[in-house]
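A.B. asks: Below is a structure I'd like to ask you about.
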Ligand code: PEP
Ligand code: MN
């Protein structure tokens with residue numbers, strides 16, 4: 001049963017409730033939601049729920065109707081997100097695990113890890129103990145295989161997953177393995193489930209060859225009842241009458257599981273089909289059906305594989321698959337999970353010194369990525385926000401800034417979110433929606449002062465052509481009206497226009513950009529402040545990986561949500577902000593990518609000194625809105 005505790009319950013009352021339940025033979029699990037707390041009480045005992053309802057501190061008691069309790073959505077409404085080192089699986093992410101069927105040698109594992117990492121996988125797999133159908137087939141390298149897998153994973157900063165085949169190996173696996181895999185053939189090995197569950201480590205639980213979804217969830221329940229919260233279900237195909245594929249990959253299990261359980265579900269299209277050529281299409285179908293990730297067999301030389309060669313992808317095929325997944329992810333409002341960049345000695349030098357040296361290189365503190373070339377307004381925003389001691393690093397696109405932050409190449413990014421004249425930078429807003437592990441941690445406002453720039457010795461009268469970003473040109477239209485002889489030439493960005501003109505060394509060519517750009521490229525400012533409207537400001541968001549934060553106390557929060565399709569839905573959600581006294585500073589709607597005529601709403605609110613108010617409001621909003629997400633807290637100077 002689910003025991004929802006009253007908001008004001010004292011620690012002592014909570015403890016008394018627990019003790020009462022435990023004395024009646026229940027196993028009790030506490031689940032802390034965003035604001036309220038529930039106790040899950042599981043056991044064989046039958047008890048009149050009214051006895052529990054009478055306890056002080058108990059708000060209400062809800063029986064769980066399903067045979068699986070801890071795994072059920074009834075107990076826990078929010079998706080479970082399983083964290084394994086830097087990797088997160090569940091809710092809005094697509095995490096891809098790859099590697100060979102079996103660990104065969106150090107070279108094979110190092111090569112596999114390199115390909116996996118380069119293509120963007122976040123975890124490495126490889127069986128060290130293989131449950132083969134024939135006793136004469138390769139059985140795996142055993143403990144030596146676990147060591148090789150771990151070594152290869154560590155070389156690239158990737159956690160490792162591998163299958164355990166018996167209770168004798170539990171301690172050994174605990175030492176070497178980040179995620180323990182329970183294979184299809186062992187899904188109902190209850191002794192194994194109990195022992196592995198008790199390690200309280202993340203587990204990948206494969207669906208048995210002929211297991212129903214309920215039996216599969218009951219196996220998850222075994223793991224959870226014995227101690228782990230972190231179960232990742234893995235659909236890998238079931239046995240049917242069909243013989244053209246090795247198994248029948250049951251993708252309909254994904255939406256069914258999503259409904260019944262809060263646990264993440266990944267798909268193994270390799271064992272699901274058994275045929276290399278069928279792996280990528282089914283992997284994409286799995287992602288489209290809502291899978292939280294994939295486990296795909298890939299071998300550096302499939303023709304030489306000791307196990308499952310015919311279903312293993314070539315590294316190039318895997319890389320292509322990753323690119324295809326990246327392309328379809330936005331349609332599903334998901335983002336490919338990534339791990340921080342791990343600089344390693346690529347090639348053959350895997351000595352510990354080489355690895356240690358490369359660790360030093362991967363220190364990212366002090367680096368901030370911005371979009372554009374040197375001298376861009378974004379670079380000024382970085383300087384203004386961070387001051388000396390940080391280096392600004394240019395990137396080719398906004399998406400690259402986000403990726404650099406997520407992969408840990410840089411600690412922060414600076415991206416423009418709104419211009420006071422031109423409005424929201426929609427591309428950046430869309431990226432914020434897409435990248436779930438990125439948070440807004442700061443804001444910097446920059447006054448945009450456009451300068452007319454050319455080579456030393458040039459004059460305004462001698463200019464024939466002026467380059468700038470189309471918006472820069474438009475914002476200086478009055479200047480051009482007064483100088484009809486000058487041709488306006490659109491360029492991809494303002495500072496880039498200065499770099500271009502600097503190369504030409506022609507006094508008849510000019511550019512419009514910030515004065516910083518003139519300095520960077522050794523050019524001269526012919527005229528400053530040529531914009532029509534001097535009240536031209538751009539706000540930049542400072543972004544970081546979720547766990548990073550800046551020091552200033554936040555006074556603003558940014559949220560997104562979408563609403564149900566019914567009258568008053570948006571009004572109802574905004575009413576909640578009003579009820580909690582959260583002053584709204586901005587509201588904007590955005591079409592949801594890939595879902596025509598569906599909209600997300602972006603809201604910025606003033607953050608009261610008691611931040612709990614916001615959490616309570618978000619909780620309330622989640623009851624009527626769909627997918628409410630906090631994009632971040634940040635500090636905004638005097639407004
Ligand atoms: C495996 O992943 O290597 C494996 C043996 O899978 P399954 O248990 O799904 O057959
Ligand atoms: Mn295999």
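Rule-based calculations on the coordinates, nothing more; no lab input. Computed from a predicted model, the values in this text were never measured in an experiment. Neighbour counts are summed over all protein chains in view; Cβ atoms, including those assigned to glycine, are modelled from backbone coordinates with ideal geometry.
A.B. asks: Expressed as a rounded percentage, what relative contact order does the chain have, with Cα pairs under 8 Å and six or more residues apart?
C.D. replies: In percent, rounded to a whole number, it is 10.
A.B. asks: For the range 393-470, just list the percent of Cα-Cα distances falling in each 5 Å bin from zero outward, please.
C.D. replies: That works out to 3, 11, 19, 18, 14, 10, 11, 7, 5, 2, 0, in percent per bin.
A.B. asks: Can you sort 195, 73 so the residue with the fewest Cβ neighbours within 10 Å comes first?
C.D. replies: By the 10 Å Cβ count, ascending, the order reads 73, 195.
A.B. asks: Rounded if a/c is under 1.5, else prolate if a/b beats b/c, else oblate: with a ≥ b ≥ c from the C-alpha gyration tensor eigenvalues square-rooted, which is the range 503-568?
C.D. replies: Since a/c reaches 1.5 and a/b is larger than b/c, the shape of the range 503-568 is classed as prolate.
A.B. asks: Then there is this: May I ask for the equivalent-ellipsoid semi-axes of the range 357-503, computed as the square root of five times each C-alpha gyration tensor eigenvalue and listed largest first in whole Å?
C.D. replies: 33, 18, 12
A.B. asks: Which value at 222 nm does the chain reach when only helices count, each DSSP H run of 4 or more adding -39,500 (n - 2.57), with the total divided by all residues and rounded to the nearest 500 deg cm²/dmol? Walk me through the intermediate numbers first.
C.D. replies: Working: 21 runs with 204 residues, N = 639.
Rounded to the nearest 500, it is -9500 deg cm²/dmol.
A.B. asks: Right, another one. At a Förster distance of 60 Å, what's the computed FRET efficiency of residue 421 paired with residue 316, Cβ-Cβ distance as r, to 0.05?
C.D. replies: The value I calculate is 0.80.
A.B. asks: While we're looking at this one, here's another question. Using only Cα atoms, what is the ratio of the radius of gyration of the range 462-547 to 2.2 N^0.38 Å?
C.D. replies: Working it through for the range 462-547, the quotient is 1.20.
A.B. asks: A further question on this structure: Going by alpha carbons, how many degrees (0 to 90, nearest 10) lie between the helix axis of 315-328 and the longest principal axis of the chain?
C.D. replies: 70 degrees
A.B. asks: In the P(r) worked out for the chain, what percent of Cα pairs fall beyond 47 Å?
C.D. replies: On the way: 53191 of 203841 pairs.
It works out to 26 percent of all Cα pairs.
A.B. asks: Between residue 20 and residue 637, what FRET efficiency comes out of the Förster formula 1/(1 + (r/R0)^6) with R0 = 56 Å and r the beta carbon distance, rounded to 0.05? If you can, show how the numbers build up before the last one.
C.D. replies: Values: r = 52 Å, r/R0 = 0.93.
After rounding, the FRET efficiency stands at 0.60.
A.B. asks: On a 0 to 90° scale, report how tilted helix 106-119 is relative to the longest principal axis of the chain, with both axes built from alpha carbons and the result rounded to the nearest 10.
C.D. replies: The answer is roughly 50 degrees.
A.B. asks: Stick to the Cα atoms of the range 168-300, pair each with every other, and give me the Kirkwood hydrodynamic radius in Å at one decimal.
C.D. replies: Answer for the range 168-300: a Kirkwood hydrodynamic radius of 14.9 Å.
A.B. asks: May I ask you to work out the translational diffusion coefficient for the range 293-332 at 4 °C, viscosity 1.567 mPa s, via Stokes-Einstein with Rh from the Kirkwood sum over Cα pairs, reported in whole µm²/s?
C.D. replies: 117 µm²/s
A.B. asks: Helix 213-225 sits at what angle to the longest principal axis of the chain, using alpha carbons and giving 0 to 90 degrees rounded to 10?
C.D. replies: Around 90 degrees separate the two axes.
A.B. asks: Measuring from centroid to centroid over Cα atoms, what is the spacing of the range 422-469 and the range 493-568 in Å?
C.D. replies: 3 Å
A.B. asks: Describe numerically, in nm with one decimal, the distance between label points set 7 Å from Cα along Cα→Cβ at residue 537 and at residue 504.
C.D. replies: So the two model labels end up 3.5 nm from each other.
A.B. asks: Round to a whole angstrom and tell me the spacing of the C-alpha centers of the range 42-80 and the range 608-622.
C.D. replies: 26 Å
A.B. asks: For the range 133-158 and the range 258-293, what is the separation of their C-alpha centers, rounded to whole Å?
C.D. replies: That distance is 24 Å.
A.B. asks: Could I ask something else about it? Out of every Cα-Cα pair in the range 528-639, what percent are more than 23 Å apart?
C.D. replies: Of all Cα-Cα pairs in the range 528-639, 38 percent lie more than 23 Å apart.
A.B. asks: Under 19 Å from a point placed 7 Å out from the Cα of residue 484 along the Cα-to-Cβ direction: which residues of the range 491-530 have their backbone N that close?
C.D. replies: Inside the label zone: nothing.
A.B. asks: How much length is gained on full extension from residue 37 to residue 626, taking 0.36 nm per residue of separation minus their Cα-Cα distance?
C.D. replies: Going from the current span to full extension adds 209.9 nm.
A.B. asks: If R₀ is 30 angstrom, what is the calculated FRET efficiency for the pair residue 449 and residue 589, using the beta carbon separation as r and rounding to 0.05?
C.D. replies: Calculated transfer efficiency: 0.45.
A.B. asks: Kirkwood Rh over alpha-carbon pairs of the range 240-318, then Stokes-Einstein at 10 °C and 1.306 mPa s: what D in µm² s⁻¹, rounded to an integer?
C.D. replies: 121 µm²/s
A.B. asks: Can I ask one more? Mind putting together the pair-distance distribution for the range 1-155? All Cα pairs, 5 Å bins, whole percent per bin, short to long.
C.D. replies: For the range 1-155, the binned pair fractions read 2, 8, 14, 13, 10, 8, 8, 9, 10, 9, 7, 3, 0 percent.
A.B. asks: If we sort 473-482, 81-90 on the protection proxy, mean other Cβ atoms within 10 Å, highest first, what's the order?
C.D. replies: Answer by packing, highest mean first, reads 81-90, 473-482.
A.B. asks: Then there is this: Which shape class applies to the range 73-175: rounded if a/c is under 1.5, otherwise prolate when a/b exceeds b/c and oblate if not, where a ≥ b ≥ c are the square roots of the Cα gyration tensor eigenvalues?
C.D. replies: Judged from the Cα gyration tensor, the range 73-175 comes out oblate (a/c at least 1.5, b/c at or above a/b).
A.B. asks: Residue separation times 0.36 nm, minus the C-alpha to C-alpha distance between residue 66 and residue 288: what's the value?
C.D. replies: Result for the pair: 77.2 nm of gain on full extension.
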